[in-house]
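What follows draws every value from the coordinates through simple rules; no lab data is involved. Fair warning: this is a prediction, and the values are worked out from it, not measured in the lab. Here the Cβ positions follow ideal geometry from the backbone for every residue, glycine too, while neighbour counts run over all protein chains shown.
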Amino acid sequence: MLPMLGLGVWFSILAYDDFGRLDGLFSDRGYIGAEAGGLLITLMVQSFTAHLVGAYQAALLVRLRLGGQARWRDAVLATLKRLPLLVLTWALTHWWAWLLALAILNSELPALVGLSMLLVPLATTASAMVLFTVPVMMTEHLGLKAIRRGWRLAKPRFGAVWGFVLAVGVLGFLLTGFITWLPQAAEATGLVTFGRFRWVLQGLASQIAALIVVPFAALATAEFYLQMRIHAEGLDIVMAADRAFGARQ
């Protein structure tokens, strides 16, 4: 996740410390300006990083829960082995998010308040439909068929999956907002002043928040995937057999 963190901090510095000179980096007309363009690229990198972290967590946790040895090196190698497929599935399952991000970045606050009533349920539904794609790919070795398989697994209990996505999104949003707000809260005490570097510190704080939120969200998704298979397919019987007779390779 270090490249993601570094990029987020770098764009924070570009946007708030040297914004005027950077207008030529992106078009300052139309839908992408310097600040919005930097933020959009940062969001894309963070989204793909979360995709990779989800793959790593799934490979690690599922192997552990199925009775195998959970070694981080094996999980890293399994993730790198499927890197082309992960890039493709990320593009196929997240294309709508960039249209949504562009709309949000170019909307005024009053419009966003109204749009949120529509966008939040739509984004939650779209995310829930592909929630299990990465865990399926990393554990069932289905390639691109993991998208369809993940949907078939989620469909019978879609209400629970939808609620899980919403809960993780709300908790992640609140935690990220709280950590990002900490530099401003420290200034409000009057004991410390950051001056013109406050926005840079807030950018750093937001990346630290992502460093906390993303792995836990990925781990929760992998665990939820296992629980769905236990309830829908009796995976607990397989797990008990593996513990009794040895895990399958």
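Residues 95, 151, arranged from fewest to most other Cβ atoms within 10 angstrom of their Cβ, appear as 95, 151. Ordered by the count of other Cβ atoms within 10 Å of each Cβ, fewest first, 63, 73 give 73, 63. The 3J(HN,Hα) values that the Karplus relation (6.51, -1.76, 1.60; θ = phi - 60°) gives for region 74-86 are, in residue order, 5, 5, 5, 5, 5, 5, 5, 4, 9, 4, x, 5, 5 Hz. Gly and Pro appear as x. Phi angles across region 211-216 convert, under the Karplus curve 6.51 cos²θ - 1.76 cosθ + 1.60 with θ = phi - 60°, into 3J(HN,Hα) values of 4, 8, 6, 4, x, 5 Hz, Gly and Pro given as x.
Compared with the direct C-alpha span, the chain from residue 99 to residue 230 gains 43.6 nm at full extension, assuming 0.36 nm per residue. Rounded to 0.05, the FRET efficiency of the residue 142 and residue 171 pair, given R0 = 35 Å and the Cβ-Cβ distance, is 0.70. Here the spin labels are modelled as points 7 Å beyond Cα on the Cα-Cβ line, and at residue 64 and residue 186 they lie 3.2 nm apart. Taking θ as phi - 60° and the Karplus parameters 6.51, -1.76 and 1.60, the scalar couplings of region 135-152 work out to x, 5, 4, 7, 10, 10, 6, 10, x, 5, 5, 4, 5, 5, 5, x, 5, 5 Hz in sequence order, x denoting glycine and proline.
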